[in-house]
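> Have a look at this one before I ask anything.
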Amino acid sequence: MKKLILYFFFTSLTCYSQETKLSISYEYIYSPQFDKSIQTYNFDRPFLKEKQPLFINGIHSNFNHTFKNEIQLKQGFSIGYSYFRSQANNLNFNNTLYLHFIQLGYLFHYQNSKRLIGFYENIQINCVLGGLFKNINDQATQFEEHRFKSLGIGGEIIGLIGYNFQKSDRLSPFISIGYSPYYFCPNTEALLNDSKGLIINPWVNYFKFNLGIAFKIK
């Protein structure tokens, strides 16, 4: 039964969508408030030989498809996942932070094959669901016998430029720039610094840059 459902799902995507793509990319993130919180953590602990790294480098995967129509500006949806890690190893103290984002978005796809051969553009608006987790000495941090975490929700907008190879249009490298003006994560400061409302706001913003390659499913 499951195989039958999956068969009809992917068959419908192939028949009624303009294109379906899977992609993977390097992701750079810059968030002033995340940085400020981690920098404060390092400043308050001068005895640590190895400082806690900032969230900078991560990996992103994405699935999207656009709906079939006869105009150059097409619409579709997207599902993405981003992962970042920050780890500092000190004597008898190993602190690891994990940052996860899930993006659910609606996209606009534009391609003019006559003017710019091979190039295409995407504008994407996402709802972002996130989670920040911390392990100390390979053990999850606990609060009242439950794992302590910082969950968040927000939105972001992304602009993407890609290029379809002429000999093999299944592969397309791309670059993208994204911005989130509002990501609400009220427990982030408590998780990182054991304080609340002293260092950062319960909401943050961030910029991100992606460089990767997409694989088109015919």
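> Quick one: how many lysine pairs does the range 86-218 have with C-alpha atoms less than 20 Å apart and a gap of 8 or more or different chains? Give me the count, please.
Numbers: K114/K167; K134/K149; K134/K196; K149/K196; K167/K216; K167/K218.
Number of lysine pairs found: 6.
> Sticking with this one: Evaluate the distance, in nm, between pseudo-label points positioned 7 Å from the Cα of D44 and of Q142 along their respective Cα→Cβ axes.
Label at D44, label at Q142, 2.3 nm between them.
> Relative to the first principal axis of the alpha-carbon coordinates of the chain, what is the inclination of helix 2-16, with its axis defined by its Cα atoms, in degrees from 0 to 90 and to the nearest 10?
It works out to around 60 degrees.
> Let me ask something else. Between N89 and Y28, what is 0.36 nm times their sequence separation minus the Cα-Cα distance? Round to one decimal in nm. Before the final figure, lay out the partial values.
Details: separation 61, 0.36 × 61 = 21.96 nm, distance 2.27 nm.
Extending this stretch completely gives an extra 19.7 nm.
> Counting heavy atoms of the protein chains only and a 1.4 Å probe, report the per residue accessible area for the chain as a whole number of Å².
Values: 12750 Å² over 218 residues.
Heavy-atom accessible area per residue stands at 58 Å².
> For the chain, which span is the longest to avoid every loop-located (per DSSP) member of chymotrypsin sites (Phe, Trp or Tyr not before Pro) having at most 11 other Cβ atoms inside 10 Å? Let's see the in-between values first.
Values: sites that count: F47, F165.
Counting at most 11 other Cβ atoms within 10 Å as exposed, the longest clean stretch of the chain is 48-164.
> Give me the tail of P(r) for the chain as a percent: Cα-Cα pairs with distance above 30 Å.
Working: 8368 of 23653 pairs.
Pairs farther apart than 30 Å: 35 percent.
> Which order do you get for H146, H100 if you rank them by accessible area with a 1.4 Å probe, largest at the top? Spell out each step's value before the answer.
Details: H146 125, H100 50 Å².
Descending accessible area places them as H146, H100.
> So, R0 is 45 Å and r is the distance between the beta-carbons of L171 and L151; what FRET efficiency does that work out to, to 0.05? Intermediate results must be reported in sequence, preceding the final value.
On the way: r = 36 Å, r/R0 = 0.80.
With a Förster radius of 45 Å, E is 0.80.
> Moving to a separate point now. By how many degrees, 0 to 90 and rounded to 10, does the Cα axis of helix 32-43 deviate from the longest principal axis of the chain?
The angle comes out at about 30 degrees.
> Related question: Take the solvent-accessible surface of the protein heavy atoms, probe 1.4 Å, and return the percent of it on the chain that carbon and sulfur atoms account for. Numbers along the way, then the final one.
Details: 8260 of 12750 Å².
That share works out to 65 percent.
The values are calculated or read from the model by the stated rules, or taken from the named source; none is laboratory data. This one's a predicted model, so the numbers in the text were calculated from it and none came from an experiment. For neighbour counting, all protein chains shown are included, and Cβ atoms are generated from backbone atoms with ideal geometry for every residue, glycine included. For accessibility, only protein heavy atoms count, side chains too; no ligands or nucleic acids. Shrake-Rupley method; radii C 1.70, N 1.55, O 1.52, S 1.80 Å.
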